[in-house]
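J.: Dropping a structure here in structure tokens format, bear with me for questions.
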Amino acid sequence: MKNAIEIRCIRENELGLLKDFLYEAIFIPEGVEPPSRDIVEKPELRVYTDGFGTKSGDNCLVAIHDGKIVGAVWTRIMNENDEEFIMVCEL
């Protein structure tokens, strides 16, 4: 199929793309200036990408079209005892 989308697990050498997709997921209301891309380096957002793949429960699938990753979905299990979880709740 010419327009087929392949779905597969992310590879280790592709993990850096998660920050790009995290940035793209930030809601920006109409008429509001987008934040700079380095916003994903804020501690409250880094919890979603730092060390991804090293924790039990880290999972990521990517969508590939014409040989290029065009989308990603990932999960990271956090519990209320994790320092990162508490930081996220303080947003």
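J.: Criterion first (open to solvent by 40 Å² or more (accessible area, probe 1.4 Å) and modelled with pLDDT of 95 or more) does residue 3 satisfy it?
T.: no
J.: Within the range 44-63, does at least one residue satisfy the condition of being surrounded by fewer than 12 Cβ atoms within 10 Å (Cβ to Cβ) and more than 23 Å from residue 79 (Cα to Cα)?
T.: For the range 44-63, residues surrounded by fewer than 12 Cβ atoms within 10 Å (Cβ to Cβ) and more than 23 Å from residue 79 (Cα to Cα): absent.
J.: Related question: Within the set of pairs 6 or more residues apart or between chains, which connect a residue that is more than 13 Å from residue 51 (Cα to Cα) inside the range 11-31 to a residue that is open to solvent by 50 Å² or more (accessible area, probe 1.4 Å) and assigned to a helix (DSSP H, G or I) with Cβ atoms less than 9 Å apart?
T.: 20/37; 23/37
J.: If you don't mind, there's one more thing I want to ask. Within the range 34-50, is even one residue in contact with a strand residue (DSSP E or B) (Cβ under 8 Å, 6 or more places away or on another chain), at pLDDT 95 or above and acidic (Asp, Glu)?
T.: no
J.: Something else about it: Could you please find all residues in the range 1-44 being assigned to a helix (DSSP H, G or I) and basic (Lys, Arg)?
T.: If the condition is that a residue be assigned to a helix (DSSP H, G or I) and basic (Lys, Arg), then 19, 37 are the ones that fit.
J.: Run residue 85 past the list (1) in a loop (DSSP other than H, G, I, E, B); (2) modelled with pLDDT under 95 and report the number of the one that doesn't hold.
T.: Here residue 85 meets the rest and fails (1).
The values are calculated or read from the model by the stated rules, or taken from the named source; none is laboratory data. Predicted, not measured: the structure shown is a model, and the values here were computed from it. Note that each Cβ is placed from the backbone with ideal geometry, even for glycine, and that neighbours are counted across all protein chains shown. Areas reflect the complete protein model, heavy atoms only, side chains present, ligands, DNA and RNA absent. Shrake-Rupley method; radii C 1.70, N 1.55, O 1.52, S 1.80 Å.
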